[in-house]
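The values are calculated or read from the model by the stated rules, or taken from the named source; none is laboratory data. Source: prediction; values computed, not measured. Virtual Cβ from ideal backbone geometry, glycine too; neighbours counted across all protein chains shown. Note: areas computed on protein heavy atoms with side chains; ligands, DNA, RNA excluded. Shrake-Rupley method; radii C 1.70, N 1.55, O 1.52, S 1.80 Å.
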Amino acid sequence: EAGVTQFPSHSVIEKGQTVTLRCDPISGHDNLYWYRRVMGKEIKFLLHFVKESKQDESGMPNNRFLAERTGGTYSTLKVQPAELEDSGVYFCASSQDLTDSNEKLFFGSGTQLSVL
Amino acid sequence: DAKTTQPPSMDCAEGRAANLPCNHSTISGNEYVYWYRQIHSQGPQYIIHGLKNNETNEMASLIITEDRKSSTLILPHATLRDTAVYYCIVRVAGGYQKVTFGTGTKLQVIP
């Protein structure tokens, strides 16, 4: 079974440009999460999809970030325009069920974003 | 999520058991204790979780005190590949509540 996949693995862009990150969750997983780790800081929650709906977007830094999950499958996270402080590693995670006591998150390998 | 407290770093000799403590004195009755780890720059990896009984899987054992205010993750025979940051998280099971990472414990396994 394929795990959570993220694309691209690395992205280097200039300040002011637009970047779109993609996450493919494990097939059948309703929950999809985005996280970010800025260098030297903790892993921070960005938002949570349940299928195609945004369950919690309290961690989104500002309106330059737009996440979508059309059709409840893969998700994209767009940063427009990118700023220097957006640099970091963006992780995606998925989990299967909202109510299962054995629910656990599976993480992708992340996208390393560098804004120059 | 209830707040957890972990030591910032620990060392363990290769082949020995690594015992990572976590305090969660404000844990609620329906909150589970979860452990994840992040090896270098990889994505976090689930290790184990439990409610009140001790748990064991192929990766580790989780010992939860009777009052549930603290727990210990045990890696029975640490290897160099276990060098990572280990996160203790308490949360209600199920996908409605996000996983909130703290600062974790940096475990260094020494040859």
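Report yes if residue A:28 is farther than 25 Å from residue B:104 by Cα and either part of a strand (DSSP E or B) or away from chain B (no Cβ under 14 Å) (or both), otherwise no.
It is false that residue A:28 is farther than 25 Å from residue B:104 by Cα and either part of a strand (DSSP E or B) or away from chain B (no Cβ under 14 Å) (or both).
Of the residues A:78, A:15, A:54, only one is basic (Lys, Arg) and touching an Asp or Glu at 6+ places or on another chain (Cβ under 7 Å); which?
Going through A:78, A:15, A:54 in turn, just one is basic (Lys, Arg) and touching an Asp or Glu at 6+ places or on another chain (Cβ under 7 Å): A:15.
Anything in region A:32-49 that is closer than 11 Å to residue A:89 by Cα and either modelled with pLDDT of 95 or more or part of a strand (DSSP E or B) (or both)? List them, or say none.
A:34, A:35, A:36, A:37, A:43, A:44 - these are the residues of region A:32-49 that are closer than 11 Å to residue A:89 by Cα and either modelled with pLDDT of 95 or more or part of a strand (DSSP E or B) (or both).
Residue by residue, here is whether (1) more than 14 Å from the chain's Cα centre (by Cα); (2) under 19 Å from residue A:10 (Cβ atoms); (3) of a type in the set (Phe, Trp, Tyr) holds:
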site: A:56; (1), (2), (3): no, no, no
site: A:60; (1), (2), (3): no, no, no
site: A:63; (1), (2), (3): yes, no, no
site: A:77; (1), (2), (3): no, yes, no
site: A:81; (1), (2), (3): yes, no, no
site: A:90; (1), (2), (3): no, yes, yes
site: A:107; (1), (2), (3): no, yes, yes
site: A:110; (1), (2), (3): no, yes, no
site: A:115; (1), (2), (3): yes, yes, no
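Go through the residues of region B:65-83 one by one and say whether even a single one is within 13 Å of another protein chain (Cβ to nearest Cβ) and over 22 Å from residue A:46 (Cβ atoms).
Within region B:65-83 (the criterion being within 13 Å of another protein chain (Cβ to nearest Cβ) and over 22 Å from residue A:46 (Cβ atoms)), the answer is no, since none of the residues qualifies.
Of everything in region B:46-63, what is in a strand (DSSP E or B) and open to solvent by 10 Å² or more (accessible area, probe 1.4 Å)? Give them in sequence order.
B:46, B:49, B:55, B:56, B:61, B:63
Of the residues that sit in region B:100-111 and are within 16 Å of the chain's Cα centre (by Cα) and open to solvent by 20 Å² or more (accessible area, probe 1.4 Å), which one is farthest from the other protein chains (Cβ to nearest Cβ)?
B:108
Go through (1) out of contact with any Leu (no Cβ under 9 Å at 6 or more places or on another chain); (2) farther than 29 Å from residue B:48 by Cβ for residue A:104 and report which single condition fails.
Here residue A:104 clears every test but (2).
Got at least one residue in region B:85-99 being facing chain A (nearest Cβ under 10 Å), under 27 Å from residue A:55 (Cα atoms), open to solvent by less than 20 Å² (accessible area, probe 1.4 Å) and touching a Pro at 6+ places or on another chain (Cβ under 6 Å)?
No: zero hits.
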